[in-house]
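Only the coordinates and a few stated rules stand behind these numbers; no lab work does. As the structure is a prediction and not an experimental result, all values here were calculated from the model. No Cβ is skipped: glycine too gets one built from the backbone with ideal geometry, and neighbour counts run over all protein chains shown.
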């Protein structure tokens, strides 16, 4: 996934040429680009969206007329994506207009992009009280009407995107299992960002079971090909967290991504990535196997995960397996043949047959 902005170019390459360059290196790669509906820059890095938002008065404001933002970290301001905001002269509201604009800047007229990424696909907005209904009063983001209107705005953008790019996959960065009526069956792919590793990660505050429930559950609410991406965000050399996260992801059938504390500017390679486990020999695992430890069998090995809070556990494997021979954490990945292993809490292990 690229994070290129409108008008980007480097070394003489524009956005579509950059994507094509990646495919020249690896023809099978799937390439997409970032977009976000619910916020935009106002006076920092303004672009065509800023001009339109000003002209159509689509910014989200409180009852006193002040623009609002749910996070000041990026300097962006929030947008009223609901139908309470008036349409423009062409009958469009911001979700439809934004889809048209993003498409014109990144995708239109090219078959090089495979997916369209939508950030902040939230079950409800996270703004401070604002006048979503434009009735002179503020409504909380937890208001049921506001939450439903927010989701409808997101879904309206996806509907327009499908009209514009019917062959592209739609990928959302989601904070739910997409079971709400507005979201169910609308996206093809779901990124579950930083499920582990951060103070705000679902596993941190909700526990492993709740995290896995979202990871395994979201797939059912996607459109084909129904792919979830289990994302973890921890220290680059926190090998225990990496193994814990990877092993958890391998209890299901999604993709896995590990970033250095949410910094997406680089990606590390880990010893476990060198292992070809082959196909899973059982469906996604939802029940503990032994001593609270979860296990999934593959053609060429097995994967174990021991939950946070479950204590140090020793399990018998029912046969001889081998630890992988790695260089990053040789105390764990030492190549030994084993018939039983001991795992710390919040750790995982990949073993080969």
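By the helix-only formula, in which each DSSP H run with n ≥ 4 contributes -39500 (n - 2.57) and the sum is divided by residues, the chain has a 222 nm mean residue ellipticity of -6500 deg cm²/dmol. Straightening the chain between residue 163 and residue 353 buys 63.6 nm, computed as 0.36 nm per residue apart minus the Cα-Cα spacing. Multiplying the residue separation of residue 45 and residue 1 by 0.36 nm and removing their Cα-Cα distance gives an extension gain of 13.7 nm. The packing ranking, built from the mean of other Cβ atoms within 10 Å per residue, places the peptides 293-303, 96-106, 40-50 in the order 96-106, 293-303, 40-50, highest first. Above 39 Å, the calculated P(r) of the chain contains 23 percent of its Cα-Cα pairs. How big is the antiparallel share of DSSP beta bridges in segment 1-119, given as a percent to the nearest 5? Roughly 50 percent of the beta bridges in segment 1-119 run antiparallel, per DSSP. Once both labels are positioned 7 Å from their Cα atoms along Cα-to-Cβ, the gap between residue 8 and residue 320 label points is 5.2 nm. Hey, how many Å between the Cα centroid of segment 235-297 and the Cα centroid of segment 39-94? Using only Cα atoms to place each centre, the spacing works out to 39 Å. For segment 55-188, the C-alpha radius of gyration sits at 1.06 times the compact-globule guess of 2.2 N^0.38 Å, with N the residue count.
Going by how many other beta carbons lie within 10 Å of each one, how would you line up 118, 321, fewest first?
321, 118
Listing 353, 243, 265 from fewest to most neighbouring C-beta atoms within 10 Å gives 265, 353, 243. In terms of the mean number of neighbouring beta-carbon atoms within 10 Å, the peptides 134-145, 215-226 order highest first as 215-226, 134-145.
Taking Cα atoms, how many degrees apart are the long axis of helix 15-25 and the longest axis of the chain, rounded to 10 and kept between 0 and 90? With rounding to tens, the tilt is 20 degrees. Measuring r between the beta carbons of residue 83 and residue 300 and using R0 = 56 Å, the FRET efficiency lands at 0.60. On full extension, the segment bounded by residue 29 and residue 142 gains 36.7 nm, given 0.36 nm per residue less the C-alpha separation.
Within segment 15-273, what percent of beta bridges assigned by DSSP are antiparallel, to the nearest 5?
25 percent
Principal axis extents of the Cα atoms in segment 178-271, from largest to smallest and rounded to whole angstrom, are 40, 25, 22.
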